[in-house]
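The values are calculated or read from the model by the stated rules, or taken from the named source; none is laboratory data. Every value quoted in this text rests on a predicted model; they were computed, and no experiment measured them. Please note: Cβ atoms are built from the backbone with ideal geometry, for glycine as well, and neighbour counts cover all protein chains shown.
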């Protein structure tokens, strides 16, 4: 049931090669300047709506990257926060970006500063609005909860990797009546965000959101390549299921589509003139 | 050829020299490496990453010479042990960073540095006992009552208790969130909540008890009953059966679709990391 | 007064149990509010955890895979640790990049090994999905109608959720409906995860309270 | 501005101090644990398959038990490991333990020592502990190719070649089964890198259970015990009263409490919104 080598079923090598080509070709296309299309996910409309309602209330907006260590997910979370900051800069709505990681804090300062410049409002940038509270899980959580309650925050945006302490953010946000939008790749936290927030961006959608906003070639190309792979999987399932219905589940062709040992069974059957 | 007989004195001396030489080589190489320009450095890192990745990828993709082995397979096992060592050095990095941070807090008398002293004393004491205990197990050091009693107090009755207590707090946050955060405000949230409630009751003995006592559903089905007979249908309406069906028939395909998304995303990420296409991260 | 003698921490075992109880109550004090008692035990915890890991790390790994082979003369192993120590330059400005060479080795290895994981973890799932016949045919004699219904549900759910996670084309018309259905089906999966996660977190607290009742207060809990 | 009218009962209910909620949960669980109620478990299919897989083992077969949990999930993983080890020892099966989590190395060693005394299992002959490994993938691949060279020595420093339990064992291919008792996503690595015929049995904390149903459907996992609840079912199959059985009342009645609390919270909000519009 498991592969020690691709030779256990060369179908695996073929499918990996096709997906690798799809990803690499699209990355180089994007790097070459081609305009790859990524659709605007509904989550972004939810973000804009939350921004609109928070400006009416005139109260601050919080952005929380959670305990995300510096890495791919943290960089993309900051891309989304940059977009939000540029939107709220038009209405001079105050913002607070609260981090639990010193490296993320340093990079966030830079990102927010660029956001205000790009929005043409460098005067609004205040270094105190980006804060490093604590690198300890529950100390960070109580720090964020305290701020949300004290400043009666209007909207709260949570993007990145989250663990159990996210419940405290969501609950405090609900108590002060804040609009809450979350986006995370940590699937075990998604159910709680869906139950507690106004809208939740789930799993791969998180990468699509930051790709849409940053137009970063490697990310765009990779997402388009992954879509091709998903279509390939769906096609294999459809063809395979119909074939299994007509020819039976134990047919060598079914074994070929992914079962270790399936390659030899298939070709022995075909060459054996069955 | 790869082995030196360390039982003889000359063997021991030559081995000591080799160890010394290895350290001198590693740290002597640093000034040479420093002369590399930034572009050269990135190239060196990219080449190292690519070569290590290529070795494991090649071992997977190359055709087999005899049963389950190809030309590169013998190299896998020693490479694994080397990665185990590097992995543990990387794990030690976290500890190094933590100790370094709190030492600085104490030296610079940064706010609340008293707690950093507590942390460092706990660190040193536990490190001593843990290393001593592990060495005693391997019969390299003697096992004394002081070790047994000290390690047991620090491990079984302090570290274990603190760790267990720290993670049990989350239940309190879930309970207060249940009261004030979990809103059934949209179709999505209501689907999620309804499924969660059925599963929560269906998988515990209470679900079976309620199905039998409150709804009077049959406890089991006669083996030869027709799948669409009344008993079979009533039996399948029991809460445990419904919960198992939701988990097996509705939840499994959803998890598999998520798996495919994660797997394809993982493959794309592995390729990007292998070829150092990911900018700004490594 | 005899039971008091038993209860208070005079014997070594009782002292140990009391130590466990004090730790538990110290951590729970944060539920009331942040306080020095909690902070002391939290830093104690972080220090003990970091200190403990050195035992298994240094003895089970470094000693077993590096020191022991060297003591037995296997000299090629000698180079792994000296170069591995480059990792510890990560905090220095000038030499920081050296640590990324070794991190590059770890990243390269995890990328190179991922191909086997992609084949072994996902292709059997793909194969198991397409081995679900969608109609009663002579090719699959022992198939029952309820299997066919379940197979349809399985494949429709899977393809709908997969469609939801596609981004390189606009979701319009029928595709939009499939994707919306995909998000609703996703909610069922998330509901199952929600239920299980709540059970997990409750169990951890129940374990703690069981320790307080049983080990500390000596109340026997027979599971009803 | 906030009108200065007395808070309705619903608003007061929602604005209740969070610490009262924490106290309610704490007291409720104490009551649930002390309830003299015993409801028999319904054996769920994954637990039944787990039990049958071990029942099929013959005395002398060798099994790998990978224990990767720290004390943070002791309430879910300890009942599982105890039930499984008792069943293995009842079947006179040889087993070897390993851990990819530092703390778990000593926890599982102490637990196995305690149970081994009860069953008269001899360390070195019937069971051993291989100790701690930093990287699981690397350990599995190493053991699949050459187990003694990867393990080198057990926790007591005895070289792998002199361990009687490993007589006739050259690699993981000679094992019948691996049982992964874990709070983290280690099972996908067992599924991906194990030898072809090695059966995988899974003891996750409940958080990880829902995701594993895709592996159960594809047969990549033979059976699964979900958290302390699954341990209660397994203890019922073994006919023993373990921690799972002692926790189950706390678990099931706290589920009822959580559901009622969610409904109450939503009702309070609904009524509050109703009274504000009126």
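Annotation for the range B:31-50: no member residue is buried (at least 17 other Cβ atoms within 10 Å of the Cβ), touching a residue at least 12 places away in the same chain (Cβ under 8 Å) and closer than 22 Å to residue C:75 by Cβ. Report the residue count in the range C:88-120 for those that are more than 7 Å from chain B (Cβ to nearest Cβ) and buried (at least 19 other Cβ atoms within 10 Å of the Cβ). Qualifying residue count, the range C:88-120: 5. Among the residues examined, residue C:57 does not qualify as in contact with a helix residue (DSSP H, G or I) (Cβ under 9 Å, 6 or more places away or on another chain), under 22 Å from residue B:135 (Cα atoms) and surrounded by fewer than 18 Cβ atoms within 10 Å (Cβ to Cβ). Looking at the range C:121-147, which of its residues are at the interface with chain A (Cβ under 9 Å from one of its Cβ atoms) and either assigned to a helix (DSSP H, G or I) or in contact with a strand residue (DSSP E or B) (Cβ under 6 Å, 6 or more places away or on another chain) (or both)? The answer is C:121, C:122, C:123, C:124, C:125, C:126, C:127, C:128, C:129, C:130. Residues of the range A:100-131 that are outside any helix (DSSP H, G or I) and exposed (fewer than 15 other Cβ atoms within 10 Å of the Cβ): A:120, A:126.
A count restricted to the range A:106-135 and to residues that are touching a residue at least 12 places away in the same chain (Cβ under 8 Å) and within 25 Å of the chain's Cα centre (by Cα) stands at 18. Check residue D:113 against each of (1) outside any helix (DSSP H, G or I); (2) closer than 27 Å to residue B:131 by Cβ and name the one condition it does not meet. Of everything listed in (1) outside any helix (DSSP H, G or I); (2) closer than 27 Å to residue B:131 by Cβ, residue D:113 misses just condition (1). Counting only helices (runs of 4 or more DSSP H) that sit wholly inside the range A:132-241, those with at least 2 residues that are farther than 17 Å from residue A:77 by Cα are A:137-150, A:166-175, A:190-196.
Kindly indicate whether residue C:24 is crowded, with 23+ Cβ neighbours inside 10 Å, in contact (Cβ under 8 Å) with a residue 24 or more places away in the chain and within 7 Å of another protein chain (Cβ to nearest Cβ). Answer is no for this residue. Based on this model, can you work out whether residue B:16 counts as modelled with pLDDT of 95 or more and surrounded by fewer than 17 Cβ atoms within 10 Å (Cβ to Cβ)? No. Residues that are facing chain C (nearest Cβ under 8 Å) and crowded, with 24+ Cβ neighbours inside 10 Å within the range D:219-231 comprise D:220, D:226, D:227, D:228, D:229, listed in sequence order. Any residue that is in contact with a helix residue (DSSP H, G or I) (Cβ under 9 Å, 6 or more places away or on another chain) and assigned to a strand (DSSP E or B) - is there at least one of those in the range D:188-199? Yes: the range D:188-199 contains one or more residues that are in contact with a helix residue (DSSP H, G or I) (Cβ under 9 Å, 6 or more places away or on another chain) and assigned to a strand (DSSP E or B).
Any residue in the range A:136-149 that is at positive phi sitting within a Cβ distance under 6 Å of a residue that is at pLDDT 85 or above and in a helix (DSSP H, G or I)? List the pairs, counting only those 6 or more apart or interchain. Final answer for the pair search is none. Here residue A:174 passes the criteria (1) more than 12 Å from chain C (Cβ to nearest Cβ); (2) touching a residue at least 24 places away in the same chain (Cβ under 8 Å); (3) in contact with a strand residue (DSSP E or B) (Cβ under 8 Å, 6 or more places away or on another chain) except the one numbered (2).
Among the criteria (1) in a helix (DSSP H, G or I); (2) at pLDDT 95 or above, the one residue D:20 does not fulfil is (2). Residues that are more than 14 Å from chain C (Cβ to nearest Cβ), surrounded by fewer than 22 Cβ atoms within 10 Å (Cβ to Cβ) and in a helix (DSSP H, G or I) do not occur anywhere in the range D:73-84. Residue count for the range D:23-55 under the criterion of being touching a residue at least 12 places away in the same chain (Cβ under 8 Å), surrounded by 15 or more Cβ atoms within 10 Å (Cβ to Cβ) and part of a helix (DSSP H, G or I): the result is 12. Looking at C:75, C:18, just one residue is more than 23 Å from residue A:142 (Cβ to Cβ) and in contact (Cβ under 8 Å) with a residue 40 or more places away in the chain, and that residue is C:18.
When the criteria are applied in full, residue B:256 meets the requirement of being modelled with pLDDT of 95 or more, under 30 Å from residue A:216 (Cβ atoms) and assigned to a helix (DSSP H, G or I). Screening residue D:58 against (1) assigned to a loop (DSSP other than H, G, I, E, B); (2) in contact with a helix residue (DSSP H, G or I) (Cβ under 8 Å, 6 or more places away or on another chain); (3) surrounded by fewer than 17 Cβ atoms within 10 Å (Cβ to Cβ) leaves a single unmet condition, (2). Checking C:82, C:56 one by one, the residue that is in a helix (DSSP H, G or I) and in contact with a strand residue (DSSP E or B) (Cβ under 6 Å, 6 or more places away or on another chain) is C:56 and no other. Mind checking whether some residue in the range C:170-193 is in contact with a helix residue (DSSP H, G or I) (Cβ under 7 Å, 6 or more places away or on another chain), more than 7 Å from chain D (Cβ to nearest Cβ), without any contact (Cβ under 8 Å) to a residue 12 or more places away in the chain and not in a helix (DSSP H, G or I)? Within the range C:170-193, one or more residues are in contact with a helix residue (DSSP H, G or I) (Cβ under 7 Å, 6 or more places away or on another chain), more than 7 Å from chain D (Cβ to nearest Cβ), without any contact (Cβ under 8 Å) to a residue 12 or more places away in the chain and not in a helix (DSSP H, G or I). Reported count of residues in the range D:116-139, each being in contact with a helix residue (DSSP H, G or I) (Cβ under 7 Å, 6 or more places away or on another chain) and away from chain C (no Cβ under 14 Å), is 7. Criterion first (surrounded by fewer than 24 Cβ atoms within 10 Å (Cβ to Cβ) and either within 14 Å of chain D (Cβ to nearest Cβ) or in a helix (DSSP H, G or I) (or both)) does residue C:198 satisfy it? Judged against the criteria, residue C:198 is not a match.
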